[in-house]
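Only one structure is covered here, and it is reproduced in the block below.
The values are calculated or read from the model by the stated rules, or taken from the named source; none is laboratory data. Since the model is a prediction, treat every value here as computed from it, not as a measurement. In case anyone asks, the SASA skips ligands and DNA or RNA and just uses the protein heavy atoms, side chains included. Shrake-Rupley method; radii C 1.70, N 1.55, O 1.52, S 1.80 Å.
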Amino acid sequence: MPRADRVVTISESSGRDIEEFLHIPEERIDVIHLGVGDEYFADVTKQVARQYVATRLHVPNRYILYVGAIEHPNKNLVRLLQAYDQARTAMGVTHDLVFAGPKRYRPEIVMAEIERLGLQDCVHCLGYVPKEDLPYLYAGADIFVYVSLWEGFGLPVLEAMAAGTPVITSNTSSLPEVVGNAGILVDPQNVPEIAAAVATLLSDTETQQAMACAGLERARTFTWKRSAQRLLQVFENVGVRK
């Protein structure tokens, strides 16, 4: 990009990758985080949210949630399934696991793992979920688990925090800068660590409540208005005007 005055990206992590792999100087890179829509700050109780998704999406009453594409390997769903199986068989977890998102790259590997582990009755793949249903799906979950191997930003994590749902996510790429201190960070390649985090959080309602409050507070700092204002400032700084 020799002719670009500025390069805009959505996370510090992506900025470092651009600097390293594209050899763009750090001083030409602007990081502007994504925002979260007001609709995700749904002022509904967990009970109301669960009734809504039970009726609309046929989701069970107590569930762990993942939102994103059903793909392999980057979304790391095979390890998530293995961790969930460990949490069920060795740690007393009784929640179902819900996947919400379309099938994309190599989904057959994920589906085969569900069958291999015998989880067909407790793992629910909803496919694409309409946008108007997502805030309720997030709000009705007891916890949200998103252990990707790499993310440029990780918008579903932010949406879950906005809905007041405690988050477990990866300690890699951009995800720590999105979650801050408001979620639990795990090694996405360590299945026992993921399983232990899931089981521990589900058994500790006090920690769930504290994380829900912390996540909600952090999510409020990521607004589209702020993102737009910062992007406009970049345009102005390089001489672009209406």
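Quick notes
- Contour minus Cα-Cα distance for SER227 and GLN47 (0.36 nm per residue): 61.5 nm
- 5 angstrom amide H check on ILE70, placed H, neighbours 5+ away: LYS103, ARG104
- Taking every lysine pair in the chain that is 8 or more places apart or spans two chains, those with Cα atoms closer than 24 Å amount to 6.
- Solvent-accessible area, 1.4 Å probe, carbon plus sulfur percent, for the range 7-70: 51
- Cα gyration tensor shape for the range 92-195, rounded if a/c is under 1.5, else prolate or oblate: rounded
- Contour minus Cα-Cα distance for ARG3 and ASN190 (0.36 nm per residue): 63.1 nm
- The largest-to-smallest principal axis extents of the Cα set in the range 13-82 are 51, 33, 15 Å.
- A convex hull fitted around the alpha carbon atoms of the chain yields 132 Å³ per residue.
- For the range 19-125, alpha-carbon Rg relative to the globular expectation (2.2 N^0.38 Å, N residues): 1.41
- The chain: relative contact order in percent, alpha carbon pairs under 8 Å with at least 6 residues between: 24
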